[in-house]
1. Restricting attention to region 40-51, does a residue exist that is at pLDDT 80 or above, out of contact with any strand residue (DSSP E or B) (no Cβ under 9 Å at 6 or more places or on another chain) and farther than 30 Å from residue 20 by Cα?
2. Among the residues of region 51-61, are any loosely packed, with under 10 Cβ neighbours inside 10 Å and either in contact with a helix residue (DSSP H, G or I) (Cβ under 6 Å, 6 or more places away or on another chain) or not in a helix (DSSP H, G or I) (or both)?
3. Just for region 35-50: of the residues that are without any contact (Cβ under 8 Å) to a residue 40 or more places away in the chain and surrounded by 12 or more Cβ atoms within 10 Å (Cβ to Cβ), which one is nearest to residue 14 (Cα to Cα)?
4. Can you work out which of the residues in region 17-34 that are at pLDDT below 85 and exposed (fewer than 11 other Cβ atoms within 10 Å of the Cβ) is farthest from residue 52 (Cα to Cα)?
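The values are calculated or read from the model by the stated rules, or taken from the named source; none is laboratory data. What you see is a predicted model, and the numbers here were worked out from it, not measured in a lab. Virtual Cβ from ideal backbone geometry, glycine too; neighbours counted across all protein chains shown.
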């Protein structure tokens, strides 16, 4: 295949590498479209750009770290609120001790 036989969706939007057949097949099967693009800002393009495996993994890891930080923040918030209501952590209900005090 010559270079002109490839479309913009055959390249990784993160690093510009040519997608492998497996990555392209996965993207073609999972690409979500907003609409046909008629009178829409999406212009009929997919919601998420095509990414190769090397660009996808770091993004997933960043999302995982962000979710873990949010869970920890919420856990601390629950403990602080329970401390405000019950006082000492020994007086917390059992379900709070089981789920939030590790």
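1. Within region 40-51 (the criterion being at pLDDT 80 or above, out of contact with any strand residue (DSSP E or B) (no Cβ under 9 Å at 6 or more places or on another chain) and farther than 30 Å from residue 20 by Cα), the answer is yes, since at least one residue qualifies.
2. no
3. Filtering region 35-50 for residues without any contact (Cβ under 8 Å) to a residue 40 or more places away in the chain gives 35-49.
Next cut, surrounded by 12 or more Cβ atoms within 10 Å (Cβ to Cβ) only: 37, 42, 45-46, 49.
On the way: 37: 23, 42: 19, 45: 16, 46: 15, 49: 9 Å.
My answer is 49.
4. Among residues in region 17-34 that are at pLDDT below 85 and exposed (fewer than 11 other Cβ atoms within 10 Å of the Cβ), the one farthest from residue 52 (Cα to Cα) is 32.
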